[in-house]
Amino acid sequence: MDSAADTGAKSNKTGGQICQICCDDVGVSADGKPFVACLVCAFPVCRPCYEYERKDGTQSCPQCKTKYKRHKGSPPISGDEVEDSDPDDLANTINHLSRVEGEKHPKPERTLSWDTNYSRGEDVVPPNYSKEVPLNHPPFLANGSSVSGELSAASPARLSMASPESGIRKARDSGPLGYGNVAWKERIDGWKIKPEKNAAPMSVTTAAPSDGRGGGDFDTSTDVLVDDSLLNDEARQPLSRKVSLPSSRINPYRMVIVLRLIILGIFLHYRITNPVPNAFALWLISVICEIWFAISWILDQFPKWFPVNRETYLDRLALRYDREGEPSQLAAVDIFVSTVDPLKEPPLVTANTVLSILAVDYPVDKVSCYVSDDGAAMLTFEAMSETSEFARKWVPFCKKYSIEPRAPEWYFTQKIDYLKDKVHPAFVKDRRAMKRDYEEFKVRINGLAAKAQKVPDEGWVMQDGTPWPGNNTRDHPGMIQVFLGHNGGLDSEGNELPRLVYVSREKRPGFQHHKKAGAMNALVRVSAVLTNGPFLLNLDCDHYINNSRALREAMCFLMDPNLGKSVCYVQFPQRFDGIDKNDRYANRNTVFFDINLRGFDGIQGPVYVGTGCVFNRTALYGYEPPIKPKHKKPGLLSACFGGSRKKSSKSSKKDSSKKKSGKHMDNTVPIYNLEDIEEGIEGTGFDDEKSLRMSQMTLEQRFGQSAAFVASTLMENGGVPQSATPESLLKEAIHVISCGYEDKTDWGSEIGWIYGSVTEDILTGFKMHARGWKSIYCMPKRPAFKGSAPINLSDRLNQVLRWALGSIEILFSRHCPIWYGYGGRLKFLERFAYINTTIYPVTAIPLLLYCTLPAVCLLTGKFIIPQISNIASIWFISLFLSIFATGILEMRWSGVGIDEWWRNEQFWVIGGVSAHLFAVFQGLLKVLAGIDTNFTVTSKASDEDGDFAELYMFKWTTLLIPPTTLLIINIVGVVAGVSYAINSGYQSWGPLFGKLFFAFWVIIHLYPFLKGLMGRQNRTPTIVIVWSVLLASILSLLWIRIDPFTTQITGPDVELCGINC
């Protein structure tokens, strides 16, 4: 430790610049002046790096791309002007590099598995994988019963080892162009060896680890042929790339937005300055609604100003962290699956999700699956036991034949040519056998579900005769069962399987458990104690991994040396199976996932949508991201949209302590100093025992009374203490899921999933963005995850009601984005996005009024717009054209189809006048009066069985009342308006068209709702029924008007006109 500090001080005393590639001093030239490699931009590069770039690299400056000129004393290369040179220059340079290598610092005793400290400014040491320490003691439950399986490679016995042959280099934050010291040592070593190897490839038996990659030592019996040129070119490249949209697509889109904004302003000015005296109330209501719609449109539209695409490079990720023949250096990932009621969330669905996780294309010792059973159901426990057994056959089958998707239910039911690209002669036989095994497994799971329908009077009893601890779902102890582990679970071919852990947190009467958010926080603590992977993936129980390389896609961002250190999570879009072809109720939500979130990604990142999200564990613990130094003055757009950069005094303390923490050489030493969360102590170190005790007290006040968990929070790169035994870890894990653990801590307020809303996902992501973190939106070609969505109208409305209610709760809380987080680093347009996310349900009130106005106008003969001139009509037409142009151009750059866009517009009205409206009133009752109301859904009838039978099932709920009422009054208004026009003559048809246009606008938007109410009606198309009723009413009125059975008077009426007619 002292050696590293002395070296850093010595480097600073020289006053020289630091090389932006290898982090050594730039040094001086032959004449004693500071060495300048590039004479154009003076980008700081040392002489060895300069020589390498000229000889084997790009021969140009990394910053300005100007071709390097030859300096005095440098060996000539092809293309240089001929001049005298010293033949010993190259050898002298190599010797100089050797001396630098000989001055390395002492080595720490332990490191952790994934070494990315090169991107965080720490001294690092890669681990030694040449020895194993077996874990021979099985863990036990809290009540003493045996736990199957063992804790695996995340334990320090495997991942935290000494590395006596490894050196240490001082790392740094990478420069703005992405040049760091990734794999730099291999490049230098390869350069020194090249003169000695002209023909044969390099045979590596003991590879020196890369400082940037965190590689480990090879086993002495390993022979690996390394292509140096490939390594040197690729290892330094970024793992992902942000791709802006073509200007030919985005510029017209932005121009139309600006034009629409101008037209909207002129339109509102006209509406406000031209009241309707004979319908003043109707005019006032309409103007207020239109102003609100304009504000809502601005909040929704402008966060989509900078849409981007992203590309990932999985080959570069493998080259840097997962080379063939070497121990994988990919980061460990803890995967969370949450479930509550197995009767509503079928265990077979959860089992498929777990199987897809266990078969994921990722190193098995880096994957841990935690299943949270918040209902403490024995059915879920037994289903996980069956799943762990079936996984021993399913996982090797998937990996042997590269099966996609790796959820058996969806793999065997997909209607594709499963023999495509399959060349293995045994595939058909093995697939047939596996399908038979899965059907047997499916029968067993369904048998368990059928048995669980009726609970015995004495409660469930386990196989050993003891009562099931979770018989009382509201009063039971915490339970943890390790089904699969490193040495406790092998597949049918003898290979290791990922860990599978069942978790049910303790519940007692009188405690607030915070539903899903509380369950997720319990999983965060359990996983931190048992495996402590630096990254977390959370999935709903009905969302399986559809792309087996999804975790690698996320690692391209989270493990990128430049980007990863400031990323709080990587969000994937939600895709769904089992939705009807026409997507009647916009279940796919394509506009949101393919347009809105891509727009957010160009600002500060997408919002967290509750599932399919890979988290940085450090961000969940409430820490702030590292601050990047500013290299240039911000431009106009940055000034407008970059948000406030002011830091509070507390943040300043955190920043200073993070810089100090970069001096720690040992990976197990916290990168976040104790001062990171110390509010009252400034500048105290670890040597002061009193200060250390105070800091420990502050840690426990924040994270809870668990020494093991507190220690895990300070290990940025994961891992658990090497001295910990499985029994002690299980005991501590039971402690951290106790129902009183979170009392008087920051859990739910600053740490983990945030409490206070049923949509805890939006609130959690907002807190992270407010601290300055960035999120990433990853859209691989093959969808990463797929789930199920309710296709029934009532179920869909109740789902939307829950989301809207959560937004209303946030709107009336202290975390409302309208007033929260202005002292942080939330960007201006990102705040717009969050405001729109929380305020959108309020639009239901003006929307309901606006949809009622056409019927009122038709029934009363009045209108909200006065007689307009030709010029005014131009602005009305221009507004409608700009609305359509915005939608068309949005579809053009996003790839969303017009049918998907139109379904989204229709359901915006349907959900707005039903679920959003109820959410507003329910939220007001809950916040102001403390009254919690629920809406029940009752199944009534189904028209027929078969595919999508649920789509036509009628379920009564009070949410159906408002849109049904709107449909009836608008249809009645249309009939009355047409009848009035017929009776009044041709002069009344002109004003009628405007009223009919608005009425038909409402009816067309509510048309899918009407189809949901009527079902198939014995296969008669609903459109026929609707138009039949409408036309019948109009024809009836026309018949009454014509009245053919009455004698028509052809001459003048003498009684009225008099004798002079």
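The values are calculated or read from the model by the stated rules, or taken from the named source; none is laboratory data. Being a predicted model, the structure only gives us computed values, none of them experimental. We place every Cβ from the backbone using ideal geometry, glycine too, and count neighbours over all the protein chains shown. What goes into the accessible areas is simple: the full protein's heavy atoms, side chains included, and nothing from ligands, DNA or RNA. Shrake-Rupley method; radii C 1.70, N 1.55, O 1.52, S 1.80 Å.
A few points about this structure:
- Qualifying residues in the range 406-460 (those that are modelled with pLDDT of 85 or more and of a type in the set (Val, Ile, Thr)) - the one nearest to the chain's Cα centre (by Cα): THR413
- The residues listed here are ILE257, ILE295; of these, the one that is open to solvent by 50 Å² or more (accessible area, probe 1.4 Å) and within 22 Å of ALA833 (Cα to Cα) is ILE295.
Let's see how each residue does on (1) modelled with pLDDT of 90 or more; (2) open to solvent by less than 10 Å² (accessible area, probe 1.4 Å); (3) part of a loop (DSSP other than H, G, I, E, B):
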{"site": "MET779", "(1), (2), (3)": "yes, no, yes"}
{"site": "LYS786", "(1), (2), (3)": "yes, no, no"}
{"site": "ARG814", "(1), (2), (3)": "no, no, yes"}
{"site": "PRO846", "(1), (2), (3)": "yes, no, no"}
{"site": "PHE884", "(1), (2), (3)": "yes, no, no"}
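- Within the range 715-747, tally of residues that are surrounded by 19 or more Cβ atoms within 10 Å (Cβ to Cβ) and either over 23 Å from PHE483 (Cα atoms) or of a type in the set (Asp, Glu) (or both): 8
- Residue in the range 762-776 that is part of a loop (DSSP other than H, G, I, E, B), open to solvent by 10 Å² or more (accessible area, probe 1.4 Å) and on the phi < 0 side of the Ramachandran plot present: no
- Residue within the range 325-333 that is buried (at least 23 other Cβ atoms within 10 Å of the Cβ) and in a strand (DSSP E or B) present: yes
- Residues of the range 748-761 satisfying the condition of being open to solvent by 20 Å² or more (accessible area, probe 1.4 Å) and assigned to a loop (DSSP other than H, G, I, E, B): SER749, GLU750, TYR755, GLY756, VAL758
- Reported count of residues in the range 46-68, each being part of a loop (DSSP other than H, G, I, E, B) and either farther than 15 Å from CYS22 by Cβ or open to solvent by 10 Å² or more (accessible area, probe 1.4 Å) (or both), is 10.
- Leading residue by the ranking (nearest to the chain's Cα centre (by Cα)) among those in the range 552-573 that are crowded, with 22+ Cβ neighbours inside 10 Å and part of a loop (DSSP other than H, G, I, E, B): PHE572
- When the range 581-592 is limited to residues that are open to solvent by 10 Å² or more (accessible area, probe 1.4 Å) and of a type outside the set (A, V, I, L, M), the one that is nearest to the chain's Cα centre (by Cα) turns out to be PHE592.
- Filter pass, PRO790 being closer than 20 Å to PHE535 by Cα, not in a helix (DSSP H, G or I) and not basic (Lys, Arg): no
- Restricting VAL395, VAL455 to those that are among the β-branched types (Val, Ile, Thr) and over 24 Å from LYS344 (Cβ atoms) reduces the list to VAL395.
- Filtering the range 504-524 to residues that are surrounded by fewer than 24 Cβ atoms within 10 Å (Cβ to Cβ), on the phi < 0 side of the Ramachandran plot and not in a helix (DSSP H, G or I) leaves GLU506, LYS507, ARG508, PRO509, PHE511, GLN512, HIS513.
- Residue in the range 366-385 that is in contact with a strand residue (DSSP E or B) (Cβ under 9 Å, 6 or more places away or on another chain), of a type in the set (D, E, K, R) and farther than 25 Å from PRO342 by Cα present: yes
- A search for C-beta distances below 8 Å between a residue of the range 990-1008 that is more than 26 Å from ASN792 (Cβ to Cβ) and any residue that is open to solvent by 40 Å² or more (accessible area, probe 1.4 Å), counting only pairs 6+ apart in sequence or on different chains, returns PRO991/PHE863; LEU992/TYR980; GLY994/PHE863; LYS995/PHE863.
- Helices (runs of 4 or more DSSP H) contained in the range 355-465 and holding at least 2 residues open to solvent by 80 Å² or more (accessible area, probe 1.4 Å): 378-401, 427-451
- Selection from the range 848-864 of residues that are surrounded by 20 or more Cβ atoms within 10 Å (Cβ to Cβ) and assigned to a loop (DSSP other than H, G, I, E, B): PHE863, ILE864
- Residue in the range 313-321 that is open to solvent by 40 Å² or more (accessible area, probe 1.4 Å), in a helix (DSSP H, G or I) and in contact (Cβ under 8 Å) with a residue 24 or more places away in the chain present: yes
- Only a single criterion out of (1) in contact with a helix residue (DSSP H, G or I) (Cβ under 7 Å, 6 or more places away or on another chain); (2) closer than 18 Å to HIS514 by Cβ; (3) of a type in the set (D, E, K, R); (4) part of a loop (DSSP other than H, G, I, E, B) is not satisfied by GLU809, namely (4).
- Considering (1) more than 20 Å from the chain's Cα centre (by Cα); (2) under 24 Å from PRO841 (Cα atoms); (3) of a type outside the set (Asp, Glu), the lone condition that THR764 does not fulfil carries the number (1).
- Condition check for SER807: at pLDDT below 90, buried (at least 21 other Cβ atoms within 10 Å of the Cβ) and over 30 Å from PRO626 (Cβ atoms): no
- Options GLN329, GLN301; residue that is under 18 Å from GLY718 (Cβ atoms) and not β-branched (Val, Ile, Thr): GLN329
- TYR840 being closer than 20 Å to LEU299 by Cβ, within 28 Å of the chain's Cα centre (by Cα) and of a type outside the set (Gly, Ala, Ser): yes
- Selection within the range 20-61 - touching a Ser or Thr at 6+ places or on another chain (Cβ under 8 Å) and acidic (Asp, Glu): ASP25, GLU51, GLU53, ASP56
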